[in-house]
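**Student:** Let me begin by handing over the structure; questions about it come next.
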Amino acid sequence: MPASTNAPRPDRDNQELRLVVLLLALALGLLVTSAVVYVALVHPSTAEPLAVGAGVLGALTGAGGLIARVLRHWR
C-alpha cells in the first residue's frame, strides 16, 4: 500500500533557521566570554564580580533549559 500523500512533511526551513539561530547564539556567547575575560585581565578588581555574574547567568541558563524541556515534554 503506498504511503499517504496527505501526511505533513517535516519543515526543512524551520530546521535550517534553528541551526542559524543556534550558531549565532554560540558566536555571541563566545564574543561576550572573550570580552569578560579581557576586562578581568585588564582590571583585576572586577574579576570576582564578573565570576559571580557568570555563575548566576549559568544557573539561570540551566534552569531555563530545564523548564523548556519540562514544558516540551508536558505538551
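The values are calculated or read from the model by the stated rules, or taken from the named source; none is laboratory data. This structure is a prediction, so every number in the text was calculated from the model and none was measured. Every residue, glycine as well, gets a Cβ built from its backbone with ideal geometry; the counts of neighbours run over all protein chains shown. Surface areas here come from the heavy atoms of the whole protein model, side chains and all, with no ligands, DNA or RNA. Shrake-Rupley method; radii C 1.70, N 1.55, O 1.52, S 1.80 Å.
**Student:** Express the accessible area of the chain per residue in Å², computed with a 1.4 Å probe while the remaining protein chains stay in the model.
**Tutor:** Accessible surface, normalised per residue, equals 96 Å².
**Student:** I'd like the distance separating the alpha-carbon centroids of segment 48-66 and segment 13-39, in whole Å.
**Tutor:** Each part reduced to its Cα centre gives a spacing of 17 Å.
**Student:** To continue, here is another question. Build a GNM of the chain with springs between Cα atoms under 10 Å: which of L50, L17, L41 gets the top mean-square fluctuation?
**Tutor:** Of L50, L17, L41, the Gaussian network model singles out L17 as fluctuating most.
**Student:** For the pair L60 and R75, how long in nm is the line joining their label points, each one 7 Å along Cα→Cβ?
**Tutor:** 2.2
**Student:** Dipole size in debye (nearest 20) for the chain around its Cα centre, Lys and Arg Cβ +1, Asp and Glu Cβ -1?
**Tutor:** Computed about the Cα centre, the dipole is about 340 debye.
**Student:** Select one label from (1) 48, 25, 17; (2) 49, 29, 24; (3) 71, 26, 12: the one whose number is Cα extents along the principal axes in Å as derived from the coordinates shown.
**Tutor:** Among (1) 48, 25, 17; (2) 49, 29, 24; (3) 71, 26, 12, the one derived from this structure is (3).
**Student:** Name the residue from L31, W74, V52 whose Cα lies farthest towards the positive end of the charge dipole of the chain, charges +1 on Cβ of Lys and Arg and -1 on Cβ of Asp and Glu.
**Tutor:** W74
**Student:** If you don't mind, there's one more thing I want to ask. With the crude spin-label approximation of a point 7 Å out along Cα→Cβ, what separation in nm comes out for A51 versus L26?
**Tutor:** 2.9
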